[in-house]
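Working notes, structure below.
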Amino acid sequence: MTIVVGYVPKPEGRAALQRAVDEARLRGQSLVIVNASRGDAYLDTGYAPVQDVEIVKSQLNSSGVDYQVRQLVGGHEPADEVLNVAKEVDADLIVIGLRRRTPVGKLILGSTAQRILLGATCSVLAVKTSGPAA
C-alpha cells in the first residue's frame, strides 16, 4: 500500500507533502515523493534543488514514515510522471497541492493538478495552502 505525492518546492508542494506524511502515518502506508521536470531542470522552478531535497529527506527521516524520493527528468509532463509512478506502485492515493487562483486563473486552469485529477485511477487528495490568490 503506497501513497504518491507530487512535490514542488513551493508552499503548495510543502502542504501536499505534509498531508501525505499525515496520511501515510494514519494508514500505515509508505510514501513515494515525485518531483519531476520535462527536462529543463535548470529553468523549471518546480524542480527541487539538491538542498531542498536534503531538507525534505531530513524531515521524512524524523517522521517515521517509509519513503522514496524520485526526481525525474524524462521529457514528460510532471502530471504524467506522477500518474505513471502511481500506476507503477499501484498507489492507493495521490496527494497534490493546489494554489489559490483568481477567477481568471481558474478559467485557464489547464494545470498539472487538473490533469492528475482527471487521469488518476486511484483517489486523489487535493490540498490547498493558505494565502492570497495568484
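Looking at (1) in contact (Cβ under 8 Å) with a residue 40 or more places away in the chain; (2) charged (D, E, K, R); (3) closer than 24 Å to Leu117 by Cβ, can you tell me which one Glu88 breaks?
The single condition Glu88 does not satisfy is (1).
Can you say whether Gly64 is more than 22 Å from Leu26 (Cα to Cα) and either surrounded by fewer than 17 Cβ atoms within 10 Å (Cβ to Cβ) or without any contact (Cβ under 8 Å) to a residue 40 or more places away in the chain (or both), as far as the supplied structure shows?
So Gly64 does not fit the description; no.
What is the residue count in region 41-68 for residues that are of a type in the set (Val, Ile, Thr) and within 15 Å of the chain's Cα centre (by Cα)?
3
Return yes when Arg27 is charged (D, E, K, R), on the phi < 0 side of the Ramachandran plot and touching a Leu at 6+ places or on another chain (Cβ under 7 Å) and no when it is not.
Taking the combined requirement at face value, the residue does not satisfy it.
Name the residues in region 13-31 that are surrounded by fewer than 22 Cβ atoms within 10 Å (Cβ to Cβ) and either part of a helix (DSSP H, G or I) or in contact with a Lys or Arg (Cβ under 7 Å, 6 or more places away or on another chain) (or both), would you?
If the condition is that a residue be surrounded by fewer than 22 Cβ atoms within 10 Å (Cβ to Cβ) and either part of a helix (DSSP H, G or I) or in contact with a Lys or Arg (Cβ under 7 Å, 6 or more places away or on another chain) (or both), then Arg14, Ala15, Gln18, Arg19, Val21, Asp22, Glu23, Arg25, Leu26, Arg27 are the ones that fit.
Name, by its number, the condition in (1) surrounded by fewer than 14 Cβ atoms within 10 Å (Cβ to Cβ); (2) more than 22 Å from Leu118 (Cβ to Cβ) that does not hold for Gly74.
Among (1) surrounded by fewer than 14 Cβ atoms within 10 Å (Cβ to Cβ); (2) more than 22 Å from Leu118 (Cβ to Cβ), Gly74 violates only (2).
What number of residues within region 40-53 are over 23 Å from Ala91 (Cα atoms) and either exposed (fewer than 12 other Cβ atoms within 10 Å of the Cβ) or in contact (Cβ under 8 Å) with a residue 40 or more places away in the chain (or both)?
8
Throughout, read-outs are computed from the coordinates displayed, never taken from laboratory work. Since the structure is predicted, the reported quantities are computational estimates derived from the model, not experimental observations. Note that we place each Cβ from the backbone using ideal geometry, even for glycine, and neighbour counts take in every protein chain shown.
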